Every structure is written in C-alpha cells, then in structure tokens.
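Below is one structure; the comments refer to it alone.
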Amino acid sequence: MNGIARPQEEEAALEALRERQGEGARYDSPAAPARQLLWARRGAAYFARKLNELDDKDLEDAFLAPDFARRLIVSRICYQARAFARIAEAAREGRTRERLGDPGQPLDSVTLGATLPAHALRYLFSHSQAHLNVEWRDLPDAAWDRQVEALDGRRMTPRQSVGERAISIWRHVVYLGNGGSMRDWPPDLLAAFEAEA
C-alpha cells in the first residue's frame, strides 16, 4: 500500500489549510505515508459517524455472531488505536519496545472494555483515536520506519501500523452492521485491499 500519490486536489486543499492555520500549526512529517494516513483518518471519521448513529440500546446487539457484538467491535478498535499509539511513541522516543504508560497498568482487555457504560465506550473511541493521531502527527521522518516490538511480541513500524489501521477501521465499520458497506471505502483503499487478499 506504500507509494500511492496523493491527488492534486488534496494537495491544493492541504496547502490552503496550512495557509489558514498559519505558523505554529503542526503537520505530519514529509516521510509519513500520506495516502494511508488519509485512509485511516477518513475511516475513523466514518466509524465515528456510524457509531454515533447507534443509540445505547443498539450497542448491545450483535450483528453477525457473538464475536461481532457491537460493544466488542468498538472496544477492539479503541484498543488497537491505543496499541498503535504506544508503538508510535516508542518509535518517536527511539525505543525498540512498546510499553505501558505505568508499569502497574493492566494490559488492555477488549472483553473488559466492552463492558464499559455506553458513554464511556464512546469516549474511549474519541480519546484513543485523538491520541493515535497526535502520535502519528508528531513522528519525525526517521521514526516512521523504526522497528518496535509490540507487547504481543510482533515487530512492526509505525508506517505498517497505519496501513493496518486503515484496513481494520474500514472493516469494522461494516461489522457494526448499521449501514456501513465496502462500497463506501475509498476506491484506492479497496483496490489495495483486494490486491493483498
């Protein structure tokens, strides 16, 4: 999925945004995977919209099977964002291993997260996504390809996490089962996904 150029219209819109924001605004590094970041961020906005269309009672429902309970889907996406934010943080700080913020902090539990009250689960999504975006935005050029060992033993770079996040969040919108469809995916993301499948 690397190396896909950003269309000229998006470049022009980004340039206009930078002019409006002025000095002091922070942006993604030039080495960042711009296209994949756009997919991931648009996917997060779409996920947020579909999540907000569900009332608290709807969150209790399972779409396809118990493993696809809406609460579990939301929790899975939230904790993925937290894990990828920790990987980006480790890469930014020059560390080779992901770590929890507090050594006594328990590992993220998707199952436990799914038991949060509906308002807390919604907040967890907003907060985890905002944190992930900040970590990605603050990565310097060299950190994008720095290998980090995740808590689960996997080795990955922040660049790889962006592509994985993009696919995952668009997929999980469909799993919510309230109108999200692969027809809504960005066409170039869908083409990249089908090429890798």
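Could you give the length gained by full extension between residue 178 and residue 96, i.e. 0.36 nm per residue of separation minus their alpha carbon distance, to one decimal place? Present the calculation step by step, with values, prior to reporting the outcome.
Numbers: separation 82, 0.36 × 82 = 29.52 nm, distance 3.98 nm.
Net length gain for the segment: 25.5 nm.
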Next item on the list: Just subtract the alpha-carbon distance of residue 127 and residue 151 from 0.36 nm times their residue separation and send over the number in nm, one decimal.
Entry: 6.6 nm
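Quote the convex hull volume per residue of the chain, based on C-alpha atoms, as a whole number of Å³. Don't skip to the end; give the middle numbers.
Details: hull volume 28.1 nm³, N = 197.
Considering the Cα atoms of the chain, their hull volume per residue is 143 Å³.
What size of dipole, in debye to the nearest 20, comes out for segment 32-196 about its Cα centre when the only charges are +1 on Lys and Arg C-beta atoms and -1 on Asp and Glu C-beta atoms? Before the final figure, lay out the partial values.
Numbers: 24 positive and 23 negative charges, 49 e Å.
I would put it at about 240 debye.
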Checklist line | Relative contact order [Cα under 8 Å, 6+ residues apart], segment 14-148, whole percent | finding: 37 percent
Next item on the list: Find how much the distance from residue 53 to residue 112 grows on full extension, using 0.36 nm per residue of separation minus their present alpha carbon separation; answer in nm with one decimal.
Entry: 18.9 nm
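Here, each number is a calculation from the coordinates, and none is a lab measurement. Nothing here was measured: the structure is a model prediction, and the numbers come from that model. Cβ: placed from backbone, ideal geometry, glycine included. Neighbour counts: every protein chain shown.
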